[in-house]
Amino acid sequence: MSSGLELRQLTVRAGAFRLETVTLQIAPGRILVLLGPSGAGKTVLIETIAGFRRPLSGQIVLDGRDLASLPAEARRIGLVFQQYALFPHLSVLGNVRFGLRARGERSAEPARAMLARLGIAGLAPRRPANLSGGEQQRVALARALVTDPRLVLLDEPLAALDAPTRDGLRDELGRTLRAAGVPALYVTHDQIEAHSLADDVAVLIGGRLRQAGPVQALFDAPADTDVARFLGLEQLGPAAPAGGCSVTVCGVRLHVTGKPPAAGGLVAMYRAEDVQLSPATEAADAVNTLRLTVKAVVSLGPVVRVELAGPLAVAALVFRGAVPALNLRPGQPVCAALPPASLRLVPVAGVCSG
Amino acid sequence: MTAQAARTGAFPAAWPGLRRGLFYAVTWLLAGLLLAFIVLPLVRLTLATSPSQLADAVRTAEIRSAIWLSLRDAALTAVVAAVLGIPLAWLLARGRLPARSVVQGVVDLPLAVPHSVVGIGLLFVLSRRGWVGAQTGHLGISFYGTEWGIVAGMLFVSVPFMVDSVRLAIEGIDPRLEQAARSLGAGPWLTFSRVTLPLAARGVFAGMALTYARSISEFGAVAILAYFPMTAPVKVYALYLQNGLQQSAAASVLLLLVTLSTFVVFRALASGRVGPRATRHGHE
């Protein structure tokens, strides 16, 4: 008997929107991050698993049991929302006790223990309105975990937080979920959260699950250009095999690792942080090194995005200090290297997405 | 300068201030007119009565009992409206209603129906030979000329106030709160009683205050269903017919004072400025 969550060919209609034949598995103790842009159907999927929507077809199986006949309150699924949805008329302790009381548990001890475990025992008598976003997030997690759920669904739980709080909470959230040992479905549109939290990643675009698998497998071999774009890869241009381990992209010959497949419809993609910049004075004959011109320099805080033009349009992420060192100003020449290991040949979406 | 302004269609420098001033002047004037229209008759009515006449009215047993009857039945109507109105409001706000707009239209119908017509219609249904009245008659409940009839008339005309107030309150609750409750193991009863209802409490109290106010002021429907026993508005009308304007003034003022003071208390309770909710909210 399989344990954990299993979605089999799940199809859901929500107004004009359709979520098509989603098949997924999450083993206990593993975190699956569901990535997708707004409107991809992530929330519809969560609502269906939680029991607030009826699927058109397909099965939701949790710990070997089909959930179709169970109402939401009998599914034992913990929910954490983006805006936390804490009960404003109850104290923190009242919020965490809610699920225990609903199951007939009189004692407040399990709730207090859970608050202590998450380091927020001191918040017990406070009202949600008087808590910071990070505190509310912890309370929501405590409320979801205290009833010992068999699955936790998190709908963009960090999206409403400011950046420093989010960065601190991300690891803590991951540790807490893993320690709880339940399967977790974590919905986000933030690929950083996928990188740092996920065991497995699934990408949902336009109501269809485009790809699912272990996190590294997805980042290494995205199924199509839509998925790759969503995982933070940028498009270099259509790639044609050029003999051996090389391709031509917009007339430029680039080395890749391994022999490119003969099939057409491939696009060369890369990550801007993998691009290595060096002074234009150096020889440009090293592997995959191009002499380009700086088009624009955009500050992103600690890092700077440098847009380069030339035979290929390339963007590079560099640390702030590299800007004066390499004299990165619009119009200046610079050498950009695209290491073969950083290049991905990705099928165009819709052609080979199978 | 002005020529240039005229050419470009812009107003000279002095005009924006003048136009702004004019806006506020017109707004205040029209708003003031409307407020005066409400307050003046009530003030004039109060001035028409001397304290001794008012004291006479208080001493008149018939007037006292009419006012007491109105208070009692309006309060009872507010409770009945809450018990029957909250489920309907929930269905309109959250339920899967096939013809929601039609149902909403039915709820608001009493606003449009003349109240004398309401009385006639209710009488057809609730009289001893009516569809409902014939059944309730077996239980010993009759409506014509009884307090049941008074409550029925009051209820009919105040349904929209109750239902719409509660519906708006429930619609204002984030549905995710109810979803969270369900996911935590609370079934529909528990979710409603522990989450939806407490969060909609303000709306329920506001609806009851409005229902009370609408009920205590109701004349048309009540006068047809139950002219006797006389509620206060019916009594005032009867006094006016018998003794004229001046004689009905004292009873009117007394009724006015009682309704206004009770309504003010009800409203304060509903808005949470007094009562247990107020202390719980800001602090802690």
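The values are calculated or read from the model by the stated rules, or taken from the named source; none is laboratory data. Quick caveat, the model's predicted, so the values are computed rather than measured. Methodologically, a virtual Cβ is constructed for each residue, glycine included, from the backbone with ideal geometry; neighbour enumeration extends over all protein chains shown.
Assorted remarks:
- Single residue of B:232, B:226, B:213, B:238 found to be at pLDDT below 95, more than 14 Å from every other protein chain (Cβ to nearest Cβ) and within 15 Å of the chain's Cα centre (by Cα): B:213
- Among the candidates A:318, A:346, A:297, residue that is under 22 Å from the mean Cα position of the chain (by Cα) and assigned to a strand (DSSP E or B): A:346
- Count of residues meeting criterion [under 29 Å from the mean Cα position of the chain (by Cα) and at the interface with another protein chain (Cβ under 9 Å from one of its Cβ atoms)] in region B:179-193: 1
- Among the conditions (1) in contact with a helix residue (DSSP H, G or I) (Cβ under 6 Å, 6 or more places away or on another chain); (2) of a type in the set (D, E, K, R); (3) in contact (Cβ under 8 Å) with a residue 24 or more places away in the chain; (4) within 14 Å of chain A (Cβ to nearest Cβ), the only one that residue B:94 does not satisfy is (1).
- The set of residues in region A:201-233 being of a type in the set (A, V, I, L, M) and part of a strand (DSSP E or B) consists of A:201, A:202, A:203, A:204, A:205, A:209, A:212.
- When residue A:132 is tested against the conditions (1) more than 16 Å from residue A:176 (Cα to Cα); (2) more than 9 Å from every other protein chain (Cβ to nearest Cβ); (3) more than 27 Å from the chain's Cα centre (by Cα), the lone failure is (3).
- Test result for residue B:164, without any contact (Cβ under 8 Å) to a residue 60 or more places away in the chain and among the charged types (D, E, K, R): no
- Within region A:1-37, tally of residues that are over 28 Å from residue A:174 (Cα atoms) and aliphatic (A, V, I, L, M): 3
- For region A:258-283, the tally of residues that are assigned to a loop (DSSP other than H, G, I, E, B) and within 10 Å of residue A:345 (Cα to Cα) stands at 3.
- Among the candidates B:245, B:255, B:260, B:241, the residue that is assigned to a helix (DSSP H, G or I) and crowded, with 16+ Cβ neighbours inside 10 Å is uniquely B:255.
- Cβ pairs under 6 Å, 6+ apart, first in region A:30-46 and more than 17 Å from residue A:11 (Cβ to Cβ), second acidic (Asp, Glu): A:30/A:199; A:31/A:199; A:32/A:200
- Test: residue in region A:217-225 that is under 18 Å from residue A:28 (Cα atoms), surrounded by fewer than 19 Cβ atoms within 10 Å (Cβ to Cβ) and out of contact with any Lys or Arg (no Cβ under 7 Å at 6 or more places or on another chain): no
- Every residue from region B:167-177 that is touching a helix residue (DSSP H, G or I) at 6+ places or on another chain (Cβ under 7 Å) and touching a residue at least 24 places away in the same chain (Cβ under 8 Å): B:167, B:168, B:169, B:170, B:171, B:173
- Filter pass, residue A:178 being in a helix (DSSP H, G or I), at the interface with chain B (Cβ under 10 Å from one of its Cβ atoms) and in contact (Cβ under 8 Å) with a residue 40 or more places away in the chain: no
- Of all residue pairs spaced 6 or more apart or on separate chains, those with beta-carbon atoms under 9 Å, a first member in region A:299-325 that is loosely packed, with under 15 Cβ neighbours inside 10 Å and a second member that is of a type in the set (Lys, Arg) and in a strand (DSSP E or B) are A:299/A:305; A:309/A:295; A:311/A:291.
- Within region B:200-239, being closer than 15 Å to residue B:63 by Cβ and not hydrophobic (A, V, I, L, M, F, W, C) holds for B:229, B:231, B:233, B:235, B:237.
- Assessment of region A:41-50 against the conditions (in contact with a helix residue (DSSP H, G or I) (Cβ under 6 Å, 6 or more places away or on another chain) and under 30 Å from residue A:169 (Cα atoms)) yields at least one matching residue.
- Considering A:133, A:181, the condition of being under 26 Å from residue B:186 (Cα atoms) and out of contact with any helix residue (DSSP H, G or I) (no Cβ under 8 Å at 6 or more places or on another chain) is satisfied by A:181 alone.
- Given (1) within 14 Å of another protein chain (Cβ to nearest Cβ); (2) of a type in the set (S, T, N, Q); (3) free of Cβ contacts under 8 Å to residues at least 24 places away in the same chain, number of the condition residue B:196 does not satisfy: (3)
- Considering only residues in region B:188-208 that are farther than 24 Å from residue A:74 by Cβ and of a type outside the set (A, V, I, L, M, F, W, C), the one that is modelled with the lowest pLDDT turns out to be B:202.
- Residue in region B:83-98 that is aromatic (Phe, Trp, Tyr) and either in contact with a Gly (Cβ under 9 Å, 6 or more places away or on another chain) or under 30 Å from residue B:140 (Cα atoms) (or both) present: no
- Taking region A:112-121 as the range and being of a type outside the set (Lys, Arg), without any contact (Cβ under 8 Å) to a residue 40 or more places away in the chain and within 18 Å of residue A:131 (Cα to Cα) as the test, the residues that pass are A:114, A:115, A:116, A:119, A:120, A:121.
- The sole residue among B:71, B:35, B:54, B:76 that is farther than 18 Å from residue B:216 by Cβ, under 20 Å from the mean Cα position of the chain (by Cα) and not polar (S, T, N, Q) is B:35.
- Note on region A:24-111: enclosed strands (runs of 3 or more DSSP E) holding 3 or more residues that are more than 10 Å from chain B (Cβ to nearest Cβ) are A:31-35, A:57-62.
- Within region A:138-155, considering residues that are more than 9 Å from chain B (Cβ to nearest Cβ), part of a helix (DSSP H, G or I) and of a type outside the set (D, E, K, R), the one surrounded by the fewest Cβ atoms within 10 Å (Cβ to Cβ): A:145
- In summary, residue B:157 fulfils each of the numbered conditions (1) away from chain A (no Cβ under 14 Å); (2) within 26 Å of the chain's Cα centre (by Cα); (3) free of Cβ contacts under 8 Å to residues at least 40 places away in the same chain with the single exception of condition (3).
- Of residues in region A:250-293 being of a type in the set (Gly, Ala, Ser) and surrounded by fewer than 11 Cβ atoms within 10 Å (Cβ to Cβ), the one farthest from the chain's Cα centre (by Cα): A:283
- Hey, residue B:250 at pLDDT 95 or above, over 25 Å from residue B:145 (Cα atoms) and buried (at least 22 other Cβ atoms within 10 Å of the Cβ) or not: no
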